[in-house]
Amino acid sequence: MKSDVVLEESMHLDFLEEIYSIPGGEKIKDCIQCGTCSGSCPTSYVMDYTPRKVFAMIRAGMRDEVLSCNTLWLCTSCYSCYVRCPQDIKITDIMYALKRISIKDGKYPKGSDAQELSKMFTHIVNKYGRNHELELIQRYFLKTKPLKLLQNIPIGLKLLTHGRLPLLPTKIRNISQLQKIIRKAKSLGGF
């Protein structure tokens, strides 16, 4: 029984160290649980845990619960939480890092396709240096909901005819430099 408690405490500390090693992650120690992040978040009403609660769960060592919650996937990256945080915690950056850990560990919310969308988006940006919406939409729907792709053809055609959806992707200049940075980040443990 005592060994179970020691193991659980060790896992708790491992999770905290993992989060604290994220650039800016050590600032979670400074969180005063004021709720400003949650009150500033435009999507907190649909999250299973508000950003404030996620930070409390991190500090409690609730790794599986944090990595499998939908909060990470509903973050709109608007940075309202960070801008208003009295402790200057980079909440949005931490949410992105948690999302990457969630994907790596396969802990994302069951029944959610957000991780697939995230993986495809990252693949496309790594390939071109920017998003190509048409390719993203095609890949996403073909992998997750093929019939939904057919239902969205009329919308896609309207966007194409109004010049709002480029048919062909364009690469940024010096894409090889971006790809070199990405390879280096992966070699250092990023993904």
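The values are calculated or read from the model by the stated rules, or taken from the named source; none is laboratory data. Everything numeric here is computed off the predicted structure, so don't read it as measured data. FYI the Cβ positions are ideal-geometry reconstructions off the backbone, even for glycines, and counts take in every protein chain you see.
Per-structure values
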quantity	calculated
All positions within the range 22-56 that are among the aromatic types (Phe, Trp, Tyr) and under 11 Å from CYS85 (Cβ atoms)	PHE55
Candidate set: the range 74-88, residues that are in a loop (DSSP other than H, G, I, E, B) and among the hydrophobic types (A, V, I, L, M, F, W, C); chosen: the one modelled with the highest pLDDT	CYS85
The range 94-113, subset buried (at least 17 other Cβ atoms within 10 Å of the Cβ) and assigned to a helix (DSSP H, G or I), residue modelled with the lowest pLDDT	ILE103
Any hit, the range 121-131, residues being part of a helix (DSSP H, G or I) and at pLDDT below 90	yes
Qualifying positions in the range 25-59 - crowded, with 16+ Cβ neighbours inside 10 Å, assigned to a loop (DSSP other than H, G, I, E, B) and not aromatic (Phe, Trp, Tyr)	CYS31, CYS41, MET47, THR50
Failed item, numbered, when PHE15 is tested on (1) under 19 Å from LYS99 (Cβ atoms); (2) aromatic (Phe, Trp, Tyr); (3) surrounded by fewer than 16 Cβ atoms within 10 Å (Cβ to Cβ)	(3)
Criterion violated by ILE137 - all others in (1) crowded, with 16+ Cβ neighbours inside 10 Å; (2) closer than 24 Å to LYS184 by Cα; (3) not polar (S, T, N, Q) satisfied	(2)
Within the range 102-138, tally of residues that are charged (D, E, K, R) and either within 16 Å of ILE172 (Cα to Cα) or over 16 Å from the mean Cα position of the chain (by Cα) (or both)	4
The listed residue being in a loop (DSSP other than H, G, I, E, B) and of a type in the set (A, V, I, L, M, F, W, C), out of LEU165, LEU159	LEU165
Residues being under 19 Å from TYR108 (Cα atoms) and charged (D, E, K, R) - total across the range 53-86	4
